[in-house]
Amino acid sequence: MKQKEIALAGAAAAAITIATKLLLSSLKSSSSSRDGGREEGIHIRVKQSASEILKQADRMIALSQSVHDAVAAVPLDEVSYETVIAPLANLEAEEFAVVQGCVFPSLVAVSKDVRNASAEAEKKIDAHNIKCSLREDVYLAVKAYAAKKETLSPQAQRFVDRLIRDYERLGLNLNADTRRKVEFLKTTIGELCIEFQQNMNEENRRLYFTEEELAGLPKNFIQDLKTGKDNKLEVTLKYPHYFPIMERCKVGTTRQAVAVAYDQRCMNENVSILEKVVALRHAMAQLLGYRNHAEYVIAIRMAKSPSKVKEFLESISKRISVLAAKELTKLRAMKKAEEGNDLFGMADLWYYIRKAEEEEFKVDYETVKQYFPMAVVTAGLLQIYQDLLGLKFKEVPNPQVWHPDVQLYSVSDSETGERMGYFYLDLYPRDGKYTHACVCSLQPGCVQKDGHRQLPVAAMLANFSKPTKEKPSLLGHTEVETYFHEFGHVMHHICSRASFAKFSGLRVEDDFVEAPSQMLENWCLESDSLKLMSGFYKDTKQSLPDDICQALMQKRRAFAGLLTKRQILFGLFDQSIHMRDKAETGAILKELVPKVMEGIPMLEGTNFSASFGHMTGGYDAAYYSYLWSEVFSADMFEAKFKGNVLSKSAGREYREKVLAPGACKDAAMILRDFLGHEPTEEAFLRIYGIQSPFSIRTGGSPGYTFAPILVILLQTMRSVSVSALSFQELLHHL
């Protein structure tokens, strides 16, 4: 019997097919005359006017409505794969690029009118999607088909199972009144999250300082600043200004002013929005039978429960406290020596860490930057990924893009020549653009209803310093790591070989999605790969010197305690607000910051949750994922790449076993298949010099190490004759 994937057949499906084709032809014809410059296989429209965006959104909503209506109209005793499951799968594949064409401009468009129209379109589409996800008639049709227990391919069965799971996580198995409440809450939450993100994107506060107040900053940084009011130098709160000042400015009051302003971003607008969102999320979780939003979110992640997450974060926090305290003592002494006091605050952290690293490892980060001009880093990074994964990238000349800075590349398999997909690079800051680094999936890689494979398309957004007439864009080492990390997400999306859009690329569990890219950050700490990505900007044949490579590799463990504590702070804050019915974010932070950060207080008059975009950008109750997945990334690197980061055979295995499945398999299964064993925390602990005396593992999740195990073992040895016991009997006593 032929296994079913995504194919329409039979008279019952014909009506759905005709309606869908008519609406899709309308969508495509509306863009074909304007988008002649798009590459073959790219369906997303990346450059539209405000009115076009809104029209496309309306057409897409109409298409989706017609498909859902047709599925719902199928009598429950006549349901089939072709009349119920395939139309929903096809719709998801077809609409993805159209929807992204409507909502992506809010992050990148030059025109504020276009960004506003995109945000409006996103609200309309989200509201429609929520209505569709809460349609009981469609849910009953899917449920009726599932009850037939037909033999399907593994991916098709997974798709059906996920449909039912997702419907029931929205209460479709509950009464009508509950469903109406869930719909209202979900719609309101979505609108508030969009507003939160839009406020962040539009933030444009400026600060003004004299040159003396910016002492310690490089001359070229000072020269590039605009002159503002009172003839002072203008500073923004974007990354290219914020990080250099926090890391290099010798004037403590300037660092304090910038740090406070940075953590005050959008406070007036976004604190109340986030606190409303938290309350609404809690209400919705309880309607759906969960104790809180964290429990609702984590139930389908690798961690499975908030208690496991809390245990994970607090265990690591406790075990690195001695290391973090030792690091802080050193930084306080440095501040006292330089500024005459040791009242250490968050505004001092980056400055003295940078200073301590330069003294200990004899590395001047301004010198390091001169070896990382953007063009050399990009060329080296692309070459490493091509060689490692068996791919070939080719820049597309004169592409249709949303800004002149943007580049487009095609991707193909280096051996077979098969086209794999496309990616955009948008690497420099501008007003109105998304202010962080991220990767956006613009088009899914999946099998279309005609049997042909749709090519995946992704865009990487970053905010690296722009080149000037005198000097190219120069990246700091941490920016090189960010670049390599984010491009790892691009490759995850491009290399996915899922049949269904629902399982394409980055749609893996949230607490695994960062692991592949975190593993790839190791390439920024190894001499072989560093030399490929570096070249002195005045003579690019001079790669990074060996002594600097060694220093960068050694500094990985430097201040790991405090920096890991900072990640734990974000994770615990996220869990804290999402395990209660309402959250006074400022009060929670005021208590949590010094508790986690070894006594360093929260900056007075601030509330960084107002610009904590993860809380409204899909990482709610899931920020722990960064540290959680770092455990897996360390295990993957040590098992396959340590000592040979340029191994083509290991790279190909990584592509086939980790990237290609997308979300077709559970992350735990992907990891076991690649590693050949259950993942553990041992490799992660070894990186930071933390030894694990005894490890335990449960449920395929990371092991947790507890010193009391040794105490129990010693007590057991005293109470029984160990020599007379087998190892199994000893475990029985434990």
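The values are calculated or read from the model by the stated rules, or taken from the named source; none is laboratory data. Note that the coordinates shown come from a computational prediction; the quantities given were computed from them, not determined experimentally. Cβ coordinates were reconstructed from backbone atoms using ideal geometry, including for glycine residues, and neighbour counts include every protein chain displayed. In case anyone asks, the SASA skips ligands and DNA or RNA and just uses the protein heavy atoms, side chains included. Shrake-Rupley method; radii C 1.70, N 1.55, O 1.52, S 1.80 Å.
Check the range 146-153 and report whether any residue there is of a type outside the set (A, V, I, L, M), surrounded by 19 or more Cβ atoms within 10 Å (Cβ to Cβ) and either modelled with pLDDT of 95 or more or under 21 Å from Phe96 (Cα atoms) (or both).
No; the residues of the range 146-153 include none that is of a type outside the set (A, V, I, L, M), surrounded by 19 or more Cβ atoms within 10 Å (Cβ to Cβ) and either modelled with pLDDT of 95 or more or under 21 Å from Phe96 (Cα atoms) (or both).
Screening Lys226 on (1) over 24 Å from Leu475 (Cα atoms); (2) out of contact with any Cys (no Cβ under 7 Å at 6 or more places or on another chain) shows it passes everything except condition (1).
State all residues of the range 669-703 that are under 23 Å from Arg652 (Cα atoms), hydrophobic (A, V, I, L, M, F, W, C) and modelled with pLDDT under 90; if no residue qualifies, say none. Scanning the range 669-703 gives a single hit, Ala683.
If the requirement is being under 30 Å from Pro105 (Cα atoms), at pLDDT 95 or above and either assigned to a helix (DSSP H, G or I) or under 28 Å from the mean Cα position of the chain (by Cα) (or both), which of these qualifies: Ile222, Ile130, Ile189, Ile164?
Ile189
The helices (runs of 4 or more DSSP H) found wholly in the range 340-458 and carrying at least 1 residues that are small (Gly, Ala, Ser) and open to solvent by less than 30 Å² (accessible area, probe 1.4 Å) occupy 346-361, 374-389.
Tell me whether the range 555-571 contains one or more residues that are of a type in the set (Gly, Ala, Ser), within 24 Å of Arg291 (Cα to Cα) and assigned to a loop (DSSP other than H, G, I, E, B). No; the residues of the range 555-571 include none that is of a type in the set (Gly, Ala, Ser), within 24 Å of Arg291 (Cα to Cα) and assigned to a loop (DSSP other than H, G, I, E, B). Have a look at Asp547, Asp574, Asp581 and point out the one that is more than 16 Å from Glu481 (Cβ to Cβ), of a type in the set (Asp, Glu) and assigned to a loop (DSSP other than H, G, I, E, B). From the options Asp547, Asp574, Asp581, the qualifying one is Asp581. Confirm whether Lys229 is closer than 26 Å to Cys266 by Cβ and surrounded by fewer than 17 Cβ atoms within 10 Å (Cβ to Cβ). Here the answer is yes, as Lys229 does meet what is asked.
Considering the range 289-339, and only residues there that are crowded, with 17+ Cβ neighbours inside 10 Å and in a loop (DSSP other than H, G, I, E, B), the residue that is farthest from the chain's Cα centre (by Cα) turns out to be Tyr290. Does Ala7 satisfy being small (Gly, Ala, Ser), modelled with pLDDT of 95 or more and surrounded by 14 or more Cβ atoms within 10 Å (Cβ to Cβ)? It is false that Ala7 is small (Gly, Ala, Ser), modelled with pLDDT of 95 or more and surrounded by 14 or more Cβ atoms within 10 Å (Cβ to Cβ).
Among the criteria (1) without any contact (Cβ under 8 Å) to a residue 60 or more places away in the chain; (2) of a type in the set (A, V, I, L, M); (3) touching a Phe, Trp or Tyr at 6+ places or on another chain (Cβ under 6 Å), the one Leu530 does not fulfil is (3). Within the range 579-596, is even one residue modelled with pLDDT of 95 or more, crowded, with 22+ Cβ neighbours inside 10 Å and of a type in the set (S, T, N, Q)? Within the range 579-596 (the criterion being modelled with pLDDT of 95 or more, crowded, with 22+ Cβ neighbours inside 10 Å and of a type in the set (S, T, N, Q)), the answer is yes, since at least one residue qualifies.
Listed here are the residues, each with its yes/no results for (1) under 30 Å from Leu331 (Cα atoms); (2) touching a residue at least 12 places away in the same chain (Cβ under 8 Å); (3) not acidic (Asp, Glu).
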| position | (1), (2), (3) |
| --- | --- |
| Phe500 | no, yes, yes |
| Gly505 | no, yes, yes |
| Glu526 | yes, yes, no |
| Asp539 | no, no, no |
| Lys565 | yes, yes, yes |
| Ile568 | yes, yes, yes |
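Based on this model, can you work out whether Lys181 counts as outside any helix (DSSP H, G or I) and either surrounded by 17 or more Cβ atoms within 10 Å (Cβ to Cβ) or of a type outside the set (Phe, Trp, Tyr) (or both)? The answer is no for Lys181. Within the range 42-78, the set of residues being of a type in the set (Gly, Ala, Ser), in a helix (DSSP H, G or I) and either closer than 13 Å to Ser118 by Cα or open to solvent by less than 40 Å² (accessible area, probe 1.4 Å) (or both) comprises Ala50, Ser51, Ala57, Ser64, Ser66, Ala70, Ala72. When Ala621 is tested against (1) within 24 Å of the chain's Cα centre (by Cα); (2) in a helix (DSSP H, G or I), only condition (2) is not met. Inspect all residues belonging to the range 133-141 and state whether any of them is at pLDDT below 95 and either open to solvent by less than 30 Å² (accessible area, probe 1.4 Å) or under 28 Å from Ala458 (Cβ atoms) (or both). Yes, the range 133-141 contains at least one residue that is at pLDDT below 95 and either open to solvent by less than 30 Å² (accessible area, probe 1.4 Å) or under 28 Å from Ala458 (Cβ atoms) (or both).
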